[in-house]
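Some notes on the structure that comes next.
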Amino acid sequence: MTSVSTMRFASVDALRGMTVAAMLLVNNPGDWGHVYAPLRHATWHGCTPTDLIFPLFLFIVGVSITLSLSPRLERGDPPQGLAKPVMVRAARIVALGLLLHLCAWWAFDLPHYRVMGVLQRIGLCFAAAGMVALFLPARAQWILWIVVLLGYAGLLAAGGSYAPFDNLTSRVDSAVLGVHVYEFDATGRGHDPEGLLSTLGALATTLLGLRAGDWLRRGRIRLLWLAGAMALTLGYAWSFALPINKNLWTSSYVLWTGGWACWLLALCHWLIDRHRGPAIGRAFGVNAITAYAGSALLLYALAAAGWLAPIYQHGFADWMDPRFGAYFPSLAYALAFVMLWWGLMRWLDARRVYFKI
C-alpha cells in the first residue's frame, strides 16, 4: 500500500489544471470590451472570481513543493543537495516568462519591454518557498509567514496611500524598473500588477500553500477547513483597514484568497482522492506550464500574423452578435480557446508526454 508521504494526490493535479484552464479563459476573451463581470479583475479594490485564480495557482505551487520535497527530506536527502535543482527550475521559469514577454513585445509592437510578469512571479516565489521548505522547520515557516504578512502590511501603510500609482509598490516599480512596467498614467507614473514589492504578498500566499501541503500529506483535512474559515474571517475583517487588492497583493487579500484556496483543496481532496471522483482538469495540471506558455505563444503568433481579429469576427461575432448580443461570442471564443488546449493536453497526457521546466 502506498504511504501517505509518497503518494501523488490526483486532487492537486486536478486543482492545478482547473486553475490553468481558468487562467486561459479569463486571459483570452474574443473582445476585451465585452467580458462578463465575473471574468474581469476588480478595477482596483475588491475581489472577483477572476482575482482568485493567480493566488490559487501560487497556493498550489506551495502545496506541490511540500509534496515533492518533504518525502526526500524525511528519507535523509541533504537539503543542500536539493537546493540547486529548486533554484535551477526557478531560474528556468523566470527565463521562460522573460522570453514570452519578448515575444509579446514583438507581436503587439509594444512601446516598452515589460520585465515582470506571471511566470516571473511564479519563479521567484518557487525559489523562495523552496528554500524555506528545505531549511526551515514547520514552526519557523509559520513565524516567517506571519512576519511577511505583517511586515508587508506595515510597508504598505507606511507608504501613505493605497491609491493607483500613488502606493508604495507602484513607486518602487517606477523607481527600479522605469518604463519596463505594465502601465503608466498620464503623468508617467508606472505600475505593475506583478511588480517587485508586491511579490512579498504573493510569497505569503505560497508559504501558506507549504503548510497546507503538509496538512494534506498527513491527512489533517479538518485543519484545511478550519484554516480556510479563519483566513476568510480575518481577511474580511482586515479589509476594513487594509483593502483587499490583487494589484497590491495586500495581506488581507492573502488571507481572503488563501481561505478559499484551503477550502477548494479540501473539497477536491474529498471528492477526488477519498471518493474517487473524476480528476477533471488533470491533463492541464500535469502539463501546466506547457499549457500556459503554449497558449501565450499561439496568441502572439496569431496576433503577429494578423489573424486574431478575423478569427474572432468571422468565427464568432458575425453570426453570434445578432442572436445573443456582444458578450456571448466573446465568452464562446474564450471557451473554444480553452477547449483547444484541453484537447492538446489530453492528447499529451494519453501518450504520457510531460514537459518539465
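Each residue of segment 209-215 was assigned a 3J(HN,Hα) from its phi angle through the Karplus expression (A = 6.51, B = -1.76, C = 1.60, θ = phi - 60°), giving x, 4, 5, 4, x, 5, 4 Hz with x at Gly and Pro.
Phi angles of segment 322-327 translate, via the Karplus equation with coefficients 6.51, -1.76, 1.60 and θ = phi - 60°, into HN-Hα couplings of x, 8, 10, x, 7, 6 Hz per residue; Gly and Pro are given as x.
If the only charges are +1 at each Lys and Arg Cβ and -1 at each Asp and Glu Cβ, what is the size of the charge dipole of segment 143-226 around the Cα centre, to the nearest 20 debye? Please list the in-between numbers first.
Values: 7 positive and 7 negative charges, 146 e Å.
Dipole about the Cα centre, nearest 20: 700 debye.
Computed per residue of the chain from DSSP H runs no shorter than four, each worth -39500 (n - 2.57), the mean residue ellipticity at 222 nm is -21500 deg cm²/dmol. A straight line joining the Cα centroids of segment 256-278 and segment 57-116 runs 24 Å. Put the Cα centre of segment 295-357 next to the Cα centre of segment 180-228 and the gap is 28 Å.
If you take the C-alpha gyration tensor of the chain, multiply each eigenvalue by 5 and take the square root, what semi-axes do you get, largest first, in whole Å? Before the final figure, lay out each step's value.
Details: eigenvalues 195, 139, 83 Å².
After diagonalising the Cα gyration tensor, the semi-axes are 31, 26, 20 Å.
Placing R0 at 30 angstrom, the Cβ-Cβ distance between Y113 and A305 gives a FRET efficiency of 0.90 after rounding to 0.05.
If you place +1 on the Cβ of every Lys and Arg, -1 on the Cβ of every Asp and Glu, and leave all else neutral, what size is the dipole of the chain about its Cα centre, to the nearest 20 Debye?
1460 debye
From the Kirkwood radius over Cα pairs of segment 175-327, Stokes-Einstein at 25 °C and 0.890 mPa s returns a whole-number translational diffusion coefficient of 127 µm²/s.
Computed from the alpha carbon positions, the gyration tensor of segment 63-140 leads to an equivalent ellipsoid with semi-axes of 33, 11, 9 Å, biggest first. Using the Karplus curve 6.51 cos²θ - 1.76 cosθ + 1.60 with θ = phi - 60°, work out ³J(HN,Hα) for each residue of segment 347-357 in order, rounded to whole Hz, and write x for Gly and Pro. Result, rounded to whole Hz: 4, 5, 5, 4, 9, 6, 9, 10, 9, 10, 8.
Basic side chains Lys and Arg get +1 at the Cβ, acidic Asp and Glu get -1 at the Cβ, and with that the dipole of segment 188-304 about its Cα centre reaches some 460 debye. Count Lys and Arg as plus one, Asp and Glu as minus one, and take only other residues whose Cβ is under 14 Å from that of W215; the net charge is then +3.
Just so you know, all these numbers are worked out from the coordinates, no wet-lab data involved. No experiment lies behind these values; they were computed from the predicted model shown. Using ideal geometry, Cβ is built from the backbone for each residue, glycine included, and neighbour counts are taken over all protein chains shown.
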